[in-house]
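Presented below is the structure to which this report refers.
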Amino acid sequence: MDTLKVRDAKDVEEVVRAAIANEQPLEIIGHGSKRGIGHAMATNAVLDLSALNAVTAYEPNELIVTLQAGAPLADVLSLIDAKNQQFAFEPMDTAPLLGTPARGTIGGMIAAGLAGPRRIRAGGARDHLLGAHAVSGFGDSFKTGGKVVKNVTGYDLCKLLAGSWGTLSVMTEVTLKVMPKPEAERTLLLRGLDDAAANKAMTAALGSPFDVSGAAHLPHQALRAKTEGLGDLAGEGEALTALRLEGITASATHRAGSLSELLAPFGTATLIEDAASAALWATIRDVLPFAADGALGAWQVWRIVCPPASGAALGTQLARETGGDVIYDWGGGLIWAALPPKADAHGPAVRARANAVGGHAMLIRAAEDIRRDVDVFHPQAPGIAALSERVRASFDPKTVLNRGRLSRGATA
Amino acid sequence: MAIMMPASDQAVLARRAEIIAALRAIVPGEGVIDTPAEMRAYESDGLTAYRQPPMVVVLPDTTEQVSLVLKYCAGQNIKVVPRGSGTSLSGGALPLEDGVLLGLGKFKRIREIDFDNRVVVTEPGVTNLAISQAVAHAGFYYAPDPSSQIACSIGGNVAENSGGVHCLKYGMTTNNVLGCEIVLMSGEILRIGGKGCENPGYDLMGVITGSEGLLGVITEVTVRILQKPETARALMVGFAEVEAAGECVARIIGAGIIPGGMEMMDKPAIHAAEAFVHAGYPLDVEALLIIELDGPKIEVDELIARVETIARGCGSVTLQISNSEAERNLFWAGRKAAFPAVGRISPDYLCMDGTIPRGALPKALARIRELGEKYQLGCANVFHAGDGNLHPLILYDANKPGEIERAEAFGADILRACVEFGGVLTGEHGVGIEKRDLMPEMFTEIDLNQQQRLKCAFDAQGLLNPGKVFPTLHRCAELGRMHVHAGKLAFPDIPRF
């Protein structure tokens, strides 16, 4: 394996140009924390961005931070936390789920675009990427977007880069929106609801004027094993439905009261605050009940996105059909499914159920040999797939960037 | 017309009668308009300084008709300009002499309201405001609120990625749209996204939003809707210096407060607005801030108090807080009427739309003043201060020889200054034809080529809305060509492991 540790955008250009000339595809990595997601790449040459790790500019009053792509996410989170700011989309830490040591880089966070519970209110990584410098598969540095929140100058290529898994361009520097951290957070907990009732409770909460910033449901099966971060909450193993309210203290407290009245038909809610609440939402964000070192660590894990109100029906049926466990986030619009190991990873069942409601599913954790035979990313309708391929080729016509990561069967 | 549009295709113009007949076969009845008198309504959009009658206007009312029209035009090498309500301020819907103007005005139906999933599925010709009105009975609304919301269509909003006063807190169109049905220039009909929070694969919805009608024709949109905040209150704060107002904006954001809206007006804008609507604006201040807080009453009351403390700390000279909806609306009345108000004090005005980092506001205002002296033209300034989006209104008289040229040069210099201060050419109005030739101020040729390659992925013939956004058009084959760089694995000095 040949690893090229680049130091600046010029280096990246040089490496990509050589890759084009030599028809040698590159695997693009930061810390490599998400290398286990996607298909095996048709290359043994690695472009390593971890040394491109500077904070170019942090301007708290402008609500922006400009970073090189290899900047460690953990360091950046500490940096902005010191100014009481955050990435409002709550980027997921995939390390516990995948069983990798490193937390990853900013570039990886954007390229994967895995947003946490606040996705429903604050948007995803794509909504917070304001601008980028990147090297395309033509070997040219280009920029898109800017350093201001409000900008419609030219096509918004940032949207494409976010969630592209490094297949369009090598991002070298990005400007991200940061937001003030809420002064207080309150989480209402309902216990013992089945999935359908929980889905209804979450729908009522998200349709209320109380500005709910997290709506998740942990069925009782998912609480069988001890999960770090849940602490006493797992208690007697009763299902847990959690609804988060954030803001200034008086407001969060007031809205928690109002929401608890609205949800009275679903039971009596209890309240957790601040640190305890934050720990619960980090547990949900990082899907700790399915952690690699936990009881279900050997199970395959799917990430299913669907219309929120369809969540419970989909999840319940899937769990019953496969003998697996599910967790709901985004008010039912995101289902994490841990399924007992199977050669096809239950792919046909998962995808049929997702398709039936207009959803889609990604196999986020499975052994490499399983991923050889199962599409990790959701297969798309032929027209969309063809357009997506044309879009990809418009950035990287020779397919030198992460060749094979998004679809099965690519060869070097 | 100062802007050069693509040369007309004489072969197409020569076949006009045949083309109209073919289009009538696809869209029967009154859906094809070809008389000069009837086409006049379509010869311009909100950028009225530019006018051009199209070759023919087509108003389809089904997706299949849109598809057939585009397929026919692609086959015959005929240019197409899509149009919603025609409120674009950047000339995005300016017709072409040899082009079909494809109006989506008949797509006026809301197809589905789904409160459980908090989405509305709508046809593109429905107005922005009509979406909010359709869900108001259940306490919901659609958040982006461009000032033309009574008239502008949601399809146009998607094309332009429209903003509005409240996008500081609630985002622009791109942050509030989940999916669409789109017809490519080839006639192919695609469905992207749906009711889920995010879409699989590349974020095509994200790049279509704000693509100014160059990538495809939207025939359906799925937007997310929100519950209306329980209440809203506003502060109206006057400052003796623009710098103090800028500092106040910075401190509010710095304190972690994201207001629902935060608008600034300078003295000429205040005077024009006050003379028009008599909102009680103070006339002896240099800058006026309108700051709106929304949410539960308990939160709004507390934040109003916090913002009041900040404003006084920044040396405010006048400060009023709304105590009723009537009062809050009065505060806004002048700001919302700022454009027509300026229209009363000047025969003509140009509305600019740059964005700068918030902190550069005093610097930008000083530059605008200098430029005004240089060009000998007045300028009234209104800003979305919270997100640094400037709307300088340049005053001129089109009947005075040379004034429009001076006004345009003044405007271009303001936008260059926005880029120089770290900002961008357009915050919400779009590039269109208005800012097209300024694109190189912000982007290199490489940057622009990458954007045009994307266009090729959607429309390889370059027939959809040509002449907009890009100053120079390249053939797709030329853009796709790979420069052969040194064919050796060089980089001897890059560390290897």
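No lab work stands behind these numbers, since they all come straight from the coordinates. Please read all numbers here as calculations on a predicted model, not as lab measurements. Here Cβ is always computed from backbone atoms with ideal geometry, including for glycine, and neighbour counts include all displayed protein chains.
Of all residues in region A:236-254, one or more are more than 28 Å from the chain's Cα centre (by Cα) and closer than 26 Å to residue A:326 by Cβ.
Yes/no per residue for (1) under 25 Å from residue A:63 (Cβ atoms); (2) touching a Lys or Arg at 6+ places or on another chain (Cβ under 8 Å); (3) assigned to a loop (DSSP other than H, G, I, E, B):
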| residue | (1), (2), (3) |
| --- | --- |
| B:363 | yes, no, no |
| B:366 | yes, no, no |
| B:380 | no, no, no |
| B:393 | no, no, no |
| B:400 | no, no, yes |
| B:404 | no, no, no |
| B:428 | yes, yes, yes |
| B:433 | no, yes, yes |
| B:440 | no, no, no |
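The single residue among B:230, B:241 that is farther than 15 Å from residue B:285 by Cβ, in contact (Cβ under 8 Å) with a residue 24 or more places away in the chain and not small (Gly, Ala, Ser) turns out to be B:230.
When region A:97-112 is examined, which residues are found to be among the small types (Gly, Ala, Ser), surrounded by 24 or more Cβ atoms within 10 Å (Cβ to Cβ) and within 14 Å of chain B (Cβ to nearest Cβ)?
A:111
Residue A:211 falls short on exactly one of the conditions (1) at positive phi; (2) surrounded by fewer than 18 Cβ atoms within 10 Å (Cβ to Cβ), and that condition is (2). Evaluate region B:251-269: report whether one residue or more is in a helix (DSSP H, G or I) and under 30 Å from residue B:198 (Cα atoms). Yes: one or more hits. Each residue in region A:37-57 was checked for being closer than 21 Å to residue A:84 by Cβ and away from chain B (no Cβ under 13 Å), and 1 of them qualify. Screening the candidates A:93, A:81 for the property of being out of contact with any Ser or Thr (no Cβ under 9 Å at 6 or more places or on another chain) and among the charged types (D, E, K, R) yields one hit, A:81. All of A:247, A:214, A:237, A:231 fail the test of being over 30 Å from residue A:28 (Cα atoms), in contact with a helix residue (DSSP H, G or I) (Cβ under 8 Å, 6 or more places away or on another chain) and within 10 Å of another protein chain (Cβ to nearest Cβ), apart from A:247. Mind listing whichever residues of region A:138-174 are more than 9 Å from chain B (Cβ to nearest Cβ) and in a loop (DSSP other than H, G, I, E, B)? A:165, A:166 - these are the residues of region A:138-174 that are more than 9 Å from chain B (Cβ to nearest Cβ) and in a loop (DSSP other than H, G, I, E, B).
Among the candidates A:38, A:70, single out the residue that is in contact (Cβ under 8 Å) with a residue 40 or more places away in the chain, assigned to a loop (DSSP other than H, G, I, E, B) and more than 23 Å from residue A:376 (Cα to Cα).
Working: A:38 fails: more than 23 Å from residue A:376 (Cα to Cα).
Just one listed residue meets the conditions, A:70.
If I filter region A:342-351 for residues that are surrounded by fewer than 18 Cβ atoms within 10 Å (Cβ to Cβ) and either within 11 Å of chain B (Cβ to nearest Cβ) or acidic (Asp, Glu) (or both), do I get at least one hit? Yes: one or more hits. Applying the criterion of being in contact with a helix residue (DSSP H, G or I) (Cβ under 6 Å, 6 or more places away or on another chain) and either more than 16 Å from residue A:38 (Cα to Cα) or without any contact (Cβ under 8 Å) to a residue 24 or more places away in the chain (or both) to the residues of region A:365-399, the residue that is farthest from the other protein chains (Cβ to nearest Cβ) is A:398. Residues in region A:264-313 that are among the polar types (S, T, N, Q) and either over 18 Å from the mean Cα position of the chain (by Cα) or part of a strand (DSSP E or B) (or both): A:268, A:270, A:277, A:300, A:310.
Just wondering, is there one or more residues in region B:304-311 that are of a type in the set (D, E, K, R), within 14 Å of chain A (Cβ to nearest Cβ) and in a helix (DSSP H, G or I)? Can you show your working first?
Step one: filter region B:304-311 for residues of a type in the set (D, E, K, R), giving B:306, B:308.
Subsequent filtering for residues that are within 14 Å of chain A (Cβ to nearest Cβ) retains B:306.
Within this subset, residues satisfying the condition of being in a helix (DSSP H, G or I) are B:306.
Yes - at least one qualifying residue is present in region B:304-311.
For region B:307-328, the set of residues classified as over 12 Å from residue B:290 (Cα atoms), touching a Cys at 6+ places or on another chain (Cβ under 8 Å) and aliphatic (A, V, I, L, M) consists of B:310 only. Of the listed requirements (1) more than 25 Å from the chain's Cα centre (by Cα); (2) within 30 Å of residue A:329 (Cβ to Cβ), residue B:118 misses just one: (1).
Scanning region B:155-166 for residues that are part of a helix (DSSP H, G or I) and in contact with a helix residue (DSSP H, G or I) (Cβ under 7 Å, 6 or more places away or on another chain) gives B:157, B:158.
Condition test on residue B:129, is it within 28 Å of residue B:431 (Cα to Cα), away from chain A (no Cβ under 13 Å), outside any loop (DSSP other than H, G, I, E, B) and touching a helix residue (DSSP H, G or I) at 6+ places or on another chain (Cβ under 6 Å)? When the stated conditions are applied, residue B:129 does not pass them.
For region B:381-438, residues that are charged (D, E, K, R), facing another protein chain (nearest Cβ under 9 Å) and touching a helix residue (DSSP H, G or I) at 6+ places or on another chain (Cβ under 7 Å) total 2.
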